[in-house]
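Undergrad: Attaching a single structure in structure tokens format; questions to follow.
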Protein chains: 2
Amino acid sequence: MSTHPGNDAASPSLESEYIAEVLSAVENRAGESRASIARLLGLSRTTSSKIVSQLIDLKLLVEKNLLREGRGRPGMLLDLDTSTWRAIGAEYHSGRWTFVETDLKGNILRTSSLKVARGADPDTFLDGLAKGLGEFSANATGELLPTFGVGAPGLVDCDRGVILRADDLGWKNVRVAEFVKKKLGAKVLLINRNRGAGLAEARFGAGRGVHQMVYIGIGTGISAAFMIDGKLVHGSLYSAGEIGHIAMDTQGPVCGCGKRGCLHVYASGWAIARRAAALMEQGRESSLAAGGKRSEPLTGEEVCVAAAAGDGLALECVQDAAAKLGLAVANIITTFNPDKVVIGGPIGLINGPLLDTLRAEAERWTMPHAFQAAKIERGALGESVGAIGGACLVLDRKLSLVASVRGR
Amino acid sequence: MSTHPGNDAASPSLESEYIAEVLSAVENRAGESRASIARLLGLSRTTSSKIVSQLIDLKLLVEKNLLREGRGRPGMLLDLDTSTWRAIGAEYHSGRWTFVETDLKGNILRTSSLKVARGADPDTFLDGLAKGLGEFSANATGELLPTFGVGAPGLVDCDRGVILRADDLGWKNVRVAEFVKKKLGAKVLLINRNRGAGLAEARFGAGRGVHQMVYIGIGTGISAAFMIDGKLVHGSLYSAGEIGHIAMDTQGPVCGCGKRGCLHVYASGWAIARRAAALMEQGRESSLAAGGKRSEPLTGEEVCVAAAAGDGLALECVQDAAAKLGLAVANIITTFNPDKVVIGGPIGLINGPLLDTLRAEAERWTMPHAFQAAKIERGALGESVGAIGGACLVLDRKLSLVASVRGR
DNA sequence: CAAATTTGTCAAGTTTCTTTACAAATGTCT
DNA sequence: AGACATTTGTAAAGAAACTTGACAAATTTG
């Protein structure tokens, strides 16, 4: 036994091209042993064993209990090592930074959040991120992977870590990665927050094990993420999934983008709130009007909650939105043929009438075989899903990150 | 020098994991030498050289002229060897089998076609395929890769080589691969003909070098193929791309599928022909009516040709179809953010007013940045593109196929 | 024409993976 | 219970693949 565990001179070499394959075999399947991995990847037991022991030394894998099945000596069950490495992810949403710390399996170990002025300027946004990351990472429960994953609003250049534009906030060219590098000396992997949420749901949530997944995030705006065989579809300029502005009706009302009949004007949180406010303005009764004059403007979430509680006006607004969403989802199902459609976002996660209407309308406008293939479900990771998505980006690179920490 | 070139005892071993990478480096780039490949893949010149000589022995690569650039000894320019190996692809379309023989670069060396009864039963269809393949492959101009690539109508199970269903023909579970295996003893790679066409355009046609491509095939029906980073998107049950039945207007006319307002009822060849016929029935004048009573029903292609020639009625029909196509393309661009949209199929390839209208309407219904990224162009491979797509499937596996022929 | 540079190949050396062998741990059959 | 078959994990020896270092060949530059 070594007296200096792990970090000593006899540290593993990490030269095999099969290391990543072995790791992902353990990650994506359950109940693998050294021998079963060897069979799976077409390697000898010796090689599999050697790689596994390297990964154990790196604290990426652990041996669990014995695998009793069939005859012969039982194998050692392998699993991701959740004891040591930690990933930190962040997401900005509604004027608030959310931070999560996860283990290698994406389990949330710790959360924190930091309020900044809603609709703030990019500088406030960036300062909040750096401050939050600095404080949050100081209290890590394990060894940190040396990169932060960040989910941001707007059109994101993932390669350069820049928010190219966030139209609803009026931002342009916000260089997030560069800022954090300067402020904290740490690397940032940036992604659009809804794409990050889709990634997280695909890896750890409602889309686990699904090969063709569509995530639809419904909040103030609407956008989607396409996960095909474990990979996120970015598109040419990172705007794949921006379904908020698909044209639903060429005769429809004018949208903020200048076009008519965008999905956004029918089904976003913004649209739901506006519609409810307009109906109340016309004198329609609703529980939403209780308490007289409001200080803050009505939100889509509030309307959805009221609808779930049975408010007639709210129900009407939500169901109309859900019907349009259902039609959009139908066309996405027809176009993509996914195995699963995951509905998320602040609006999508509310346990109300939205999902049933959406599902019924999606069925109405799709071919039966495509609809049956596509299970439509709510997201399973809750509110901080976007931050988990950031952590996912870090976890996807854990191998190279660990290698670089260990100073290969 | 060996007296038995290629096939003798000293045949190459094909064990390196870099063989495929070297081959695709030469394939997808131009002007590579042994040394430049070594740099590209991070290999030593020795290894690169060894692999290249193996590939030359296998007749997959050839040395061309010298590469004079910069100082130093010029490298040997490498290229795919077009002298030996041949791929055969087939496509069924409008009651006709088309066969193509290509070299490793997808160049068409020979074509043939075989008419079978239009709207024939599956048996006639299969007999025609086996007969055609048998005769066509007998006259090969080189050594055949031992597999045929076949583009077929309908929903195709690529793994098992079965047409699961072709609704417009009324077929179900047509086991193409099994039939050809029995009849000719040869393996078949089956694909939907429009997906095959998309594959071919991405590899050898208008989508060369494009990372995010959408192919839209417009014939009697409409369907699409999505090529993301060189890979075709199949979807969960191989129906990704079946955009003929996306809902364009919930108030629209009833479609054959039972729903309302499908793209198919507005913009397919079937729809264009029906619309033109209806207008003429109402007494509208058109060059299409010349020659009195017709024996065959009017086709969408005829209307498009008449529109290109300036016929007013035809122009109206084509432009209305193109406008709906443009709207559909707009939503696809918004959703996918492609670099290029390739318009193909019997209708899409006709050099008439369709493309301009489609492009204008697509621009009208997309965000500027997404539209600008997506160049909309006609297919570059002509009518037999589906058959070339079949050949593509074979070429994509050339390495393993050649290895198996050489009896590794 | 010499010097510098780059290519392609050979021989020798290193690393990685496999083969062969064996102890250890289990189920099965008698 | 005990012999036997089966499977796992590891170690030592061997094979295969890739790299290093060296060198002739082919070019540009000065």
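Undergrad: Run down B:I388, B:I333, B:I343 and say which single residue is within 14 Å of chain A (Cβ to nearest Cβ) and open to solvent by less than 10 Å² (accessible area, probe 1.4 Å).
TA: Working: B:I388 fails: within 14 Å of chain A (Cβ to nearest Cβ); B:I343 fails: within 14 Å of chain A (Cβ to nearest Cβ).
Step by step, each of B:I388, B:I333, B:I343 is checked, and only B:I333 is within 14 Å of chain A (Cβ to nearest Cβ) and open to solvent by less than 10 Å² (accessible area, probe 1.4 Å).
Undergrad: Shifting gears a bit: Filter segment A:75-97 down to the residues that are more than 15 Å from DNA strand C (Cβ to nearest atom) and aliphatic (A, V, I, L, M), then identify the one that is surrounded by the most Cβ atoms within 10 Å (Cβ to Cβ).
TA: For segment A:75-97, the residue satisfying everything is A:A90.
Undergrad: Quickly run through segment B:175-204 and pick out the residues that are small (G, A, S) and surrounded by 24 or more Cβ atoms within 10 Å (Cβ to Cβ).
TA: B:G196, B:A197, B:G198, B:A200, B:A202
Undergrad: So, one more: Take the residues of segment B:293-318 that are open to solvent by 50 Å² or more (accessible area, probe 1.4 Å) and either among the acidic types (D, E) or modelled with pLDDT under 90 (or both): which is farthest from B:I350 (Cα to Cα)?
TA: Looking at residues that are open to solvent by 50 Å² or more (accessible area, probe 1.4 Å) and either among the acidic types (D, E) or modelled with pLDDT under 90 (or both), I get B:K293.
Undergrad: Within segment A:48-62, how many residues turn out to be out of contact with any Phe, Trp or Tyr (no Cβ under 7 Å at 6 or more places or on another chain) and within 13 Å of DNA strand C (Cβ to nearest atom)?
TA: Total meeting the criteria: 7.
Undergrad: Of the conditions (1) over 25 Å from B:E201 (Cα atoms); (2) assigned by TED's automatic domain parsing to the domain that holds B:V174, B:S137 satisfies every one except a single condition; which number is it?
TA: In the conditions (1) over 25 Å from B:E201 (Cα atoms); (2) assigned by TED's automatic domain parsing to the domain that holds B:V174, B:S137 misses (1) alone.
Undergrad: Being closer than 15 Å to A:A90 by Cα, assigned to a loop (DSSP other than H, G, I, E, B) and within 22 Å of the chain's Cα centre (by Cα) is the requirement here; does A:A177 meet it?
TA: Details: closer than 15 Å to A:A90 by Cα: yes; assigned to a loop (DSSP other than H, G, I, E, B): no; within 22 Å of the chain's Cα centre (by Cα): yes.
No; evaluated as a whole, the condition is false for this residue.
Undergrad: Within the group B:A380, B:A321, B:A362, B:A374, which residue is under 27 Å from the mean Cα position of the chain (by Cα), at negative phi, more than 14 Å from chain A (Cβ to nearest Cβ) and crowded, with 21+ Cβ neighbours inside 10 Å? Write out each step before concluding.
TA: Details: B:A380 fails: crowded, with 21+ Cβ neighbours inside 10 Å; B:A362 fails: more than 14 Å from chain A (Cβ to nearest Cβ); B:A374 fails: more than 14 Å from chain A (Cβ to nearest Cβ).
When all the criteria are applied, what remains is B:A321.
Undergrad: Does segment A:205-221 hold any residues that are open to solvent by less than 10 Å² (accessible area, probe 1.4 Å), among the hydrophobic types (A, V, I, L, M, F, W, C) and within 14 Å of chain B (Cβ to nearest Cβ), and which are they?
TA: Of everything in segment A:205-221, those that are open to solvent by less than 10 Å² (accessible area, probe 1.4 Å), among the hydrophobic types (A, V, I, L, M, F, W, C) and within 14 Å of chain B (Cβ to nearest Cβ) turn out to be A:M213, A:V214, A:I216.
Undergrad: Could you list, in sequence order, all residues of segment B:238-289 that are of a type outside the set (K, R), in a strand (DSSP E or B) and out of contact with any Leu (no Cβ under 9 Å at 6 or more places or on another chain)?
TA: Within segment B:238-289, B:V254, B:C262 qualify.
Undergrad: Follow-up question, since we're still on this one. Looking at segment B:114-124, can you tell me whether even one residue there is assigned to a strand (DSSP E or B), modelled with pLDDT of 95 or more, surrounded by 15 or more Cβ atoms within 10 Å (Cβ to Cβ) and not acidic (D, E)?
TA: yes
Undergrad: Could you tell me whether any residue of segment A:20-28 is within 14 Å of chain B (Cβ to nearest Cβ) and within 10 Å of DNA strand C (Cβ to nearest atom)?
TA: Yes, some residue in segment A:20-28 is within 14 Å of chain B (Cβ to nearest Cβ) and within 10 Å of DNA strand C (Cβ to nearest atom).
Undergrad: How many residues does segment A:226-240 contain that are crowded, with 22+ Cβ neighbours inside 10 Å, under 19 Å from B:S236 (Cβ atoms) and more than 7 Å from every other protein chain (Cβ to nearest Cβ)?
TA: 3
Undergrad: Exactly one of these conditions fails for B:A391: (1) of a type in the set (A, V, I, L, M); (2) in contact with a Pro (Cβ under 8 Å, 6 or more places away or on another chain); (3) assigned by TED's automatic domain parsing to the domain that holds B:F136. Give me its number.
TA: Every listed condition holds for B:A391 apart from (2).
Undergrad: For A:L129, work out the one condition from (1) more than 16 Å from DNA strand C (Cβ to nearest atom); (2) modelled with pLDDT under 95; (3) part of a helix (DSSP H, G or I) it doesn't fulfil.
TA: (2)
Undergrad: Here's another thing I want to ask about it. Can you tell me which residues in segment A:21-75 are closer than 22 Å to B:E17 by Cβ and among the β-branched types (V, I, T)?
TA: Result: A:V22, A:V26, A:I37, A:T46, A:T47, A:I51, A:V52.
Undergrad: Looking only at segment B:36-74, count every residue that is away from DNA strand D (no atom under 12 Å from the Cβ), open to solvent by less than 60 Å² (accessible area, probe 1.4 Å) and assigned to a loop (DSSP other than H, G, I, E, B) and tell me the total.
TA: Selection size over segment B:36-74: 2.
Undergrad: Going by what's in this entry, would B:T299 be described as farther than 30 Å from A:I246 by Cα and of a type in the set (V, I, T)?
TA: Details: farther than 30 Å from A:I246 by Cα: yes; of a type in the set (V, I, T): yes.
Judged against the criteria, B:T299 is a match.
The values are calculated or read from the model by the stated rules, or taken from the named source; none is laboratory data. The shown structure was predicted, so the numbers you read here are calculated from the model rather than taken from an experiment. As a convention, Cβ positions derive from the backbone with ideal geometry for all residues, glycine included, and neighbour counts pool all protein chains shown. Protein only, heavy atoms only, side chains kept; ligands, DNA and RNA dropped before computing areas. Shrake-Rupley method; radii C 1.70, N 1.55, O 1.52, S 1.80 Å.
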